[in-house]
1. Rounded to the nearest 10 Å², what accessible area does Asp107 show when all protein chains are kept and the probe is 1.4 Å?
2. Rg/Rh for the range 13-58: what does it come to with C-alpha atoms and Rh from Kirkwood?
3. Taking the Cα atoms only, what angle lies between the long axis of helix 78-87 and the longest principal axis of the chain, rounded to 10 degrees?
4. Can you give the % of DSSP beta bridges in the chain that are antiparallel, to the nearest 5?
5. Would you mind counting up the charge near Ser39? Only other residues with Cβ under 11 Å from its Cβ, with Lys and Arg at +1 and Asp and Glu at -1.
6. At Leu94 and Asp2, where each label point lies 7 Å from the Cα along Cα→Cβ, what is the point-to-point distance in nanometres?
7. First measure r as the distance between the Cβ atoms of Asp114 and Asp42, then evaluate 1/(1 + (r/R0)^6) with R0 = 30 Å and state the FRET efficiency to the nearest 0.05.
8. What figure, in Å² to the nearest 10, do you get for the accessible area of Lys47 with a 1.4 Å probe and non-protein molecules left out?
Amino acid sequence: MDAISDIEMAFKKIRLTGTETEIKVMQLIDEAAYNDSESFVDRFGYKLHLSELSTGCKAALVVIHNPDKIVNIIECGFNARDVIISFCKNGAILLDDDGVTYRKYSDNIEVRVDDYVFTNVDRLNTYINEERPFGIGGGWEGVRHV
């Protein structure tokens, strides 16, 4: 897979259409409301150009629009990373954080780490914090081997 490291450049190449997922990630990451393909309304009620979104929000939108690429989200804050894990169902991300706990925005995730697919945030946390790099040691609920 090709990789995307420059979030700003990749964001300039996508066009938002107001999908449910776009609207949700903008709201959760930046407390922003999608207005149209060029603008959003910020948490204070100001209409701003999409270029004014946070890097984390832009990264989430890049993941949504580039399901065939790996997106490096090292510049993202924890809230953006957690939203990406919860709501971006297609695509791949590169994380530089080991041993971090993810907030639960959704009970329905599908995240591949190493040779496992996690469908439960709590199970993902256990793997990252306790079992990695040794492999699955506990129960298999919320995870499957690929």
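1. 120
2. So for the range 13-58, dividing Rg by the Kirkwood Rh gives 0.90.
3. Once rounded, one gets 80 degrees.
4. Approximately 65 percent, going by the DSSP bridge assignments.
5. So the environment of Ser39 carries a net charge of -3.
6. 1.5
7. Using R0 = 30 Å, I get an efficiency of 0.20.
8. Estimated to the nearest 10 Å², Lys47 gives 140 Å².
The values are calculated or read from the model by the stated rules, or taken from the named source; none is laboratory data. For clarity, every value in this text was computed on a predicted model and none was experimentally measured. FYI the Cβ positions are ideal-geometry reconstructions off the backbone, even for glycines, and counts take in every protein chain you see. Just the protein is used for accessible areas: all its heavy atoms, side chains included, with ligands, DNA and RNA removed. Shrake-Rupley method; radii C 1.70, N 1.55, O 1.52, S 1.80 Å.
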